[in-house]
Amino acid sequence: MKKIRTWLGAAVGLLTGWAVFENTAMLRVRHYTAAMQGLPRIVQISDLHKRHFGAGQTRLLRKVAACKPEYIVITGDLVSRAVSDFSETEQLLRALCTIAPVIVSEGNHEADLPAVKYAALRAAVRRSGARYLKNEIIRLGDICIAGLGLSSEYYRGGGRFGFRGKKDCTRKTMRLLFGACPERTLLLAHNPLCFPVYAEWGAALTLSGHVHGGAVRLPILGGLLSPERTFFPKYDKGKFRLNESELIVSGGLGKLRLFNPPEISVITSIRRNDRILQE
């Protein structure tokens, strides 16, 4: 029995040590290629919340700069709903804007902000030089970028955990917010769990976050839990395909995690010759 306790204690100690290292020292870069042609080289940041990567986010900024992006997109939860002072957020965005143009889309934490705080966040983003894209489509060369911003009732409803009865995002929702989907549209949509709806609307490529990679990653099974308290969410982290539409889900940067290091994503178009060989 004593030997078993010793082994258990050692295992717990190793697991705790790894979790501390993973949550304080690690920052990975994941590379993806998308079938959508004409994409600029994009670095995706998601779900930063209140996490810091060095003073003034220096580790994060160095990592992003080393990826040499043509555009930087932030797919929601840049802040947490409890934050009142957005000066650090503005400072980070200013620094990112010196690397490449920055487009910010909205997550559930931004949607949860009271009106005064929300206005302060939007003002901070505007001063930084970044573009806040909410239910709007812009054109970049040969492609369109749409930024989806759903209100809080699409993330929360009622019940014991606050998720029962939340509104569903449907194709009708997308058409009411954006109209018809232009060809070659890159959609920035915080919640990946609605991917079938985004595909039905017509998005060629969707970039999402929200699920934090499932918080805990298990071999073969993948991410353990979504923010909606759903076990083993289907779209947890990585690249997915539905008919002609693709989805890339970032594991994000913030929140506690295990076997699921913080990450940023680099997305580029698959080369035409490579695509022909694959087909």
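The values are calculated or read from the model by the stated rules, or taken from the named source; none is laboratory data. Worth saying up front: this structure is predicted, and the values here are computed from it rather than measured. Heads up, the Cβs are rebuilt from the backbone with ideal geometry, glycines too, and the neighbour counts pull from every protein chain shown. The area values use the complete protein model at the heavy-atom level, side chains included, leaving out ligands, DNA and RNA. Shrake-Rupley method; radii C 1.70, N 1.55, O 1.52, S 1.80 Å.
Mind grabbing the accessible area of L140 for me, 1.4 Å probe, Å², rounded to tens?
Counting only protein heavy atoms, the figure is 40 Å².
So if I take the centroid of the Cα atoms in the range 192-231 and the same for the range 58-119, what is the distance between those two points in Å?
With the range 192-231 and the range 58-119 each reduced to a Cα centre, they are spaced 21 Å.
Going by a ≥ b ≥ c, the root eigenvalues of the Cα gyration tensor, does the range 1-140 fall in the rounded group (a/c under 1.5), the prolate group (a/b larger than b/c) or the oblate group? The partial results should precede the final answer.
Values: a/c = 2.38, a/b = 1.68, b/c = 1.42.
Prolate, because a/c is 1.5 or more and a/b exceeds b/c.
What residue among A19, T89, I143 has its Cα farthest toward the positive end of the dipole of the chain, where the charges are +1 on Lys, Arg and -1 on Asp, Glu, each on the Cβ?
Of A19, T89, I143, it is A19.
For a quick check of your reading of the filter: which trypsin sites (Lys or Arg not before Pro) in the range 145-238 sit in a DSSP loop and have no more than 13 other Cβ atoms within 10 Å?
R160, R229
Please report the accessible area of I143 (heavy atoms, 1.4 Å probe, ligands and nucleic acids excluded) in Å², nearest 10.
So the heavy atoms of I143 present about 0 Å² to solvent.
Determine the principal axes of the Cα atoms in the range 159-240, then give the extent along each, sorted from largest to smallest and rounded to whole angstroms.
Answer, in whole Å and largest first: 38, 31, 14 Å.
How far, in degrees from 0 to 90, does helix 115-128 lean away from the longest principal axis of the Cα atoms of the chain, to the nearest 10?
Long axis of 115-128 versus the principal axis of the chain: about 70 degrees.
Taking K63 as the anchor, which lysines have their alpha carbon closer than 28 Å to its alpha carbon, excluding any fewer than eight residues away along the same chain?
Partners within reach: K50, K134, K237, K239, K255.
Tell me, what % of the accessible area of the chain is carbon and sulfur with a 1.4 angstrom probe? The partial results should precede the final answer.
Working: 7800 of 13730 Å².
It is 57 percent, rounded to a whole number.
Using Cα-only point scatterers and the Debye equation, what is log10 of I(q)/I(0) for the chain at each q in 0.07 Å⁻¹, rounded to two decimals?
The computed values of log10 I(q)/I(0) come out as -0.26.
Starting from the Kirkwood radius over alpha-carbon pairs of the range 25-86, derive D by Stokes-Einstein at 10 °C in a medium of 1.306 mPa s and give it in µm² s⁻¹. Working shown, then result.
Numbers: Rh = 13.3 Å.
So the translational diffusion coefficient is about 119 µm²/s.
Solvent-accessible area per residue for the chain at a 1.4 Å probe radius, Å²? Kindly include the intermediate steps, with their values, before the conclusion.
Details: 13730 Å² over 279 residues.
Using a 1.4 Å probe on heavy atoms only, each residue of the chain averages 49 Å².
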